[in-house]
Structure formats: structure tokens, C-alpha cells
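As C-alpha cells, the structure follows; a few thoughts come after it.
Every read-out reported here was derived from the displayed coordinates using simple, explicitly stated rules and does not represent laboratory data. None of these values were measured; they are calculated from a predicted model. As a convention, Cβ positions derive from the backbone with ideal geometry for all residues, glycine included, and neighbour counts pool all protein chains shown.
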Amino acid sequence: MVSETNESIARRRRLPSLSALRAFEAAARYGSFRAAADELNVTHSAISHQVKALEEHLGVPLFSRGSRAVRLTEEGRILFPILREAFDGIVAGTDMLRRRQNAGPLTIQIYVTLAVKWLLPRLHEFSAAYPEVQIALATSYTDWDFVRGEVDAAILLVEHKTTDLDYTPLGKAHLFPVCAPKLLESGPALKKPEDLHHHRLLHVYPAKHDWPDWLAAAGVTDLSPDSSSGARFDSYLLALEEAASGGGVSLATQVLVADDMEKGRLIAPFDVKVPNRAPWYFVCPRERRNEPRIVKFRTWLLDTLKDMPPGKNFD
């Protein structure tokens, strides 16, 4: 069996304009050009012109026009159920695709530290505002790259942007050291950045530039993080817990430690803050930026940050 070519399909179909078909279907359904015009948000004359163009294309009358109403001709009665079924099929197909797009959870890629320290205490507010959107958090990724194909959106520190993703800025992510209050009470002095020579630095190895950048900005040129005593972790969550227990000094951004500082678990011994190389962004595939579920989460996120007091946001 020889398959039909695209050209032969196009010649066979020779479809009238979609606007004319929609105008006829609506007018036939209502039995009124005026009601069809209201549904399609066009003028009465536009419906009349579209139906006339369809009749000329087909070479047969579809309506018999009266002074107050229009009635389908025999040809119109043949065409109407065919078009109604076709449009119902289009609606069913597009609704099915929308349901598939909105089915299942919205998967957000997020660092485990940000999830525990900031998002989880507030996620119930999103669920209350948008109960129809289920959220799944993906916290197993330690690098800074968006995991396309496995997640729907992300909250990330982004140093280098790519053209296929959409980026909504959330904050500049300033870095500063934090430690437990008891470290100042019982340990060596920690009054100026140079005093870090006498303390255990806590490193997060996916963020290898953080300590060198902060030390350079603070004017501490003779302390190499690589040679200093300390510990290395794969997330700031672990480093900050070690710092809170009195085990050393960790770097942090405001959003990660605001609650712990308010509770007195952590303090900032210095005023020196350095912008992170990678600011905070909400990230999603560019072609999906207007997807309703993503729009809802992005809107909620921005509104939440806007209402937060200084010192608790992503800056």
C-alpha cells in the first residue's frame, strides 16, 4: 500500500477558513447570527460575511435567512453535526493535553539547605493558596546547573546563564561568616577577619570559591582555605549545623541563616559581606515560562519575598 503524500493530502482537503467554519457552527448552534457574534466576540456583520464566504466556497446555501431568524438548509443540516463533532474533538484533545501538562506534581529543584531553612517552613502557605498544585522537591542535586528533563523549575544560584532557560532574579546572595555564640565566649578571639587564622573553617566543596572570595574582600591575604584546618561538606546545611554546634566558622547567605540568627543559634562576628558570584534565580525552561503551574509558583515566590522584612530575604 502506497502511503499518501503531504501534497496529495493538502489537495484533497482544500479546507475553508477556520474562522468561517467556526462562524457557521456557532450560528447553526444558536440559530442566530447575533448570538454567534457574541460568543466569538465579533460583530454581527462579521459572522454574516464569514458564513457567506463559506457558502461561496462550498457552492451551496447553508442558511435560509428570515427577518428575525436564520434556519439551516438541507445542506446546512448535513454540515452542522460534522463540524460540531470535529470542534468537540479538538476541544477534547486540547483539554487532554492541558490535563497531562498539569498532571502530577510540580517538581522544584532546590538545594537541600534552602529547602530546610527557608522553603519548607513556608510551603504550606503555597499549598493553601493553590491546593490544586502539588509540589515535589528535588534536593539531591549539588551542582548549580538546571537538570532539564527531570525537574519543572528550580531555585538556584546561577553564575552563567543559558539561552534556553528563563531566569527570574530573587536576590544577590551576599556571603558572610557565621558561628555559634559560644565560640566567641570560650574560643580564641574572633574580633577581626585576621582572627580566622585561629579558628576551624567549614568548607562546602560545591561552593569552592566562597571562602577565597570572602577572604580576599576582607583583606585576609595570608590565609588559604585549602591549607586551613577544618572540615568539608557537600551542603551548607551540614556546615551550618556544625557551626551552630560550636565546631567552627561557616560562610552563609542571609536567607539560609536568618531564622537561626533570630533564635540566637548563630551570629555574624564581622560586618563584611561579599556578593556571591552567583545570585539567586528562579529558573525554568524558556518555552514553559507561561505554564500555569509555574506561573503560580513564581508569583507566590516573588510575593512572599516582597513581603519579607530586610534581613530575611534572598539578598
Worksheet item: For L72, which sequence-distant residues (separation of 5 or more, or a different chain) have an amide H within less than 5 Å of its own amide H, given hydrogens modelled in the peptide plane?
Response: S64
Discussion item. Compute a Gaussian network model of the chain, connecting alpha carbons closer than 10 Å, and tell me which residue from F146, F270, F80 fluctuates the most.
Written reply: F80
Discussion item. In whole Hz and in residue order, list the ³J(HN,Hα) couplings for the range 303-312 that follow from phi through the Karplus curve 6.51 cos²θ - 1.76 cosθ + 1.60, θ = phi - 60°; x for Gly and Pro.
Written reply: 5, 5, 5, 5, 8, 7, x, x, x, 10
Fill in: J(HN,Hα) series, the range 207-219, from Karplus relation 6.51 cos²θ - 1.76 cosθ + 1.60, nearest Hz, glycine and proline x
10, 5, 8, 4, 5, x, 5, 5, 4, 5, 5, 7, x
Response to the item:
For the chain, whose charge dipole is built from +1 on Lys and Arg Cβ atoms and -1 on Asp and Glu Cβ atoms, the candidate among G93, T168, F146 with its Cα farthest towards the positive end is G93
Practice prompt. Could I have the simple spin-label model distance between K172 and A138, label points 7 Å from Cα toward Cβ, reported in nm to one decimal?
Written response: 3.1 nm
Worksheet entry | Candidates L184, L201, L251: whichever shows maximal mean-square fluctuation once the chain is modelled as a Gaussian network with Cα springs under 10 Å | L184
Worksheet item: Is the range 126-217 best put as rounded, prolate or oblate by its Cα gyration tensor, with a ≥ b ≥ c the root eigenvalues, rounded for a/c under 1.5, and otherwise prolate when a/b is larger than b/c, oblate when not?
Response: prolate
Practice prompt. Taking only Cα atoms and a 10 Å spring cutoff, compute GNM fluctuations for the chain and point out the largest among D303, D210, D145.
Written response: D303
Discussion item. List the residues, sorted by chain then number, that are 5 or more residues from L175 or on another chain and whose placed amide H is less than 5 Å from its amide H.
Written reply: V274, N276
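Contact order normalised by length for the chain, with contacts defined as Cα pairs under 8 Å and 6 or more residues apart; what percent is it?
Details: 440 pairs, mean separation 62.2, N = 315.
Rounded, it is 20 percent for the chain.
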Worksheet item: For the charge dipole of the range 135-281, defined by +1 on Lys and Arg C-beta atoms and -1 on Asp and Glu C-beta atoms about the Cα centroid, which residue among L240, V257, P181 has the Cα displaced farthest towards the positive pole?
Response: P181
Item to complete: Return the long-range amide H neighbours of Q109 (sequence gap of 5 or more, or a different chain), with a cut-off of under 5 Å between placed amide H atoms.
Response: A138, D152, A153, A154, I155
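Which shape class applies to the chain: rounded if a/c is under 1.5, otherwise prolate when a/b exceeds b/c and oblate if not, where a ≥ b ≥ c are the square roots of the Cα gyration tensor eigenvalues?
Prolate.
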